[in-house]
Amino acid sequence: MHPSAQRVQTVLNELGYPGQVVELEASTRTAVEAAQAAGCGVGQIVKSLVFRLDPAGEPILVLVSGSNRVHEKHLGRLLGGTLVRPDADFVHAISGYAIGGIPPVGHKTPLKTYIDEDLLQYETIWAAAGTSNALFQITPPELVKISGGQVVNIK
């Protein structure tokens, strides 16, 4: 297993989640690619997006249904600031992972996490596991539990 995927598996085990990271031949970098590889709907893919909440510059993680886009102005107001999309170097420095493989847990820096309420409609969902071809399946309540995230309307 790739070291980044193994790191995610170790964190999942430490959090008491019994699921297994799966490494696939196909790319899972985008929500569409991940859905094709996992054999599920695009909405069942968890996009892990790192933002900076200004003016404090606080990094946050937003876990978004693959079929949705974050309404940055709305969510920024909800969180009391302005959401800014940082560059890939910032994301890697904060999370420890490259864009396209950011998992919902196990980051270098603890991140306040917000979860798209639309993910709760699915029986199971798939999240990135450290690389652009690794995923793990989880239920929405388990995702809320292991991420410590707050469910919000991101649209």
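The values are calculated or read from the model by the stated rules, or taken from the named source; none is laboratory data. Bear in mind the structure is a predicted one, so any value in this text is a computation, not a measurement. Positions of Cβ are backbone-derived with ideal geometry, glycine not excepted, and every protein chain shown enters the neighbour counts.
Which pairs turn up if I take residues in the stretch 95-112 that are on the phi > 0 side of the Ramachandran plot and aromatic (Phe, Trp, Tyr) and look for partners that are assigned to a loop (DSSP other than H, G, I, E, B) and crowded, with 22+ Cβ neighbours inside 10 Å with beta carbon separation below 9 Å, at least 6 apart in sequence or on another chain? As it stands, the answer is none, since no pair meets every condition given. Does at least one position in the stretch 45-52 carry a residue that is in a loop (DSSP other than H, G, I, E, B) and hydrophobic (A, V, I, L, M, F, W, C)? Within the stretch 45-52, not a single residue is in a loop (DSSP other than H, G, I, E, B) and hydrophobic (A, V, I, L, M, F, W, C). Taking the numbered list (1) modelled with pLDDT of 95 or more; (2) closer than 26 Å to THR10 by Cα in turn, GLY100 passes all entries but (1). For the stretch 34-65, a residue qualifies if it is surrounded by fewer than 17 Cβ atoms within 10 Å (Cβ to Cβ), within 23 Å of PRO110 (Cα to Cα) and in contact (Cβ under 8 Å) with a residue 24 or more places away in the chain, and the qualifying residues are ASP54, PRO55, ALA56, GLU58. Within the stretch 38-96, which residues are out of contact with any Pro (no Cβ under 9 Å at 6 or more places or on another chain), under 22 Å from LEU24 (Cβ atoms) and aliphatic (A, V, I, L, M)? Across the stretch 38-96, the qualifying residues are ALA38, VAL42, ILE45, LEU49, VAL64.
All of SER65, SER147 fail the test of being among the hydroxyl-bearing types (Ser, Thr, Tyr), under 18 Å from ARG7 (Cα atoms) and touching a strand residue (DSSP E or B) at 6+ places or on another chain (Cβ under 6 Å), apart from SER147.
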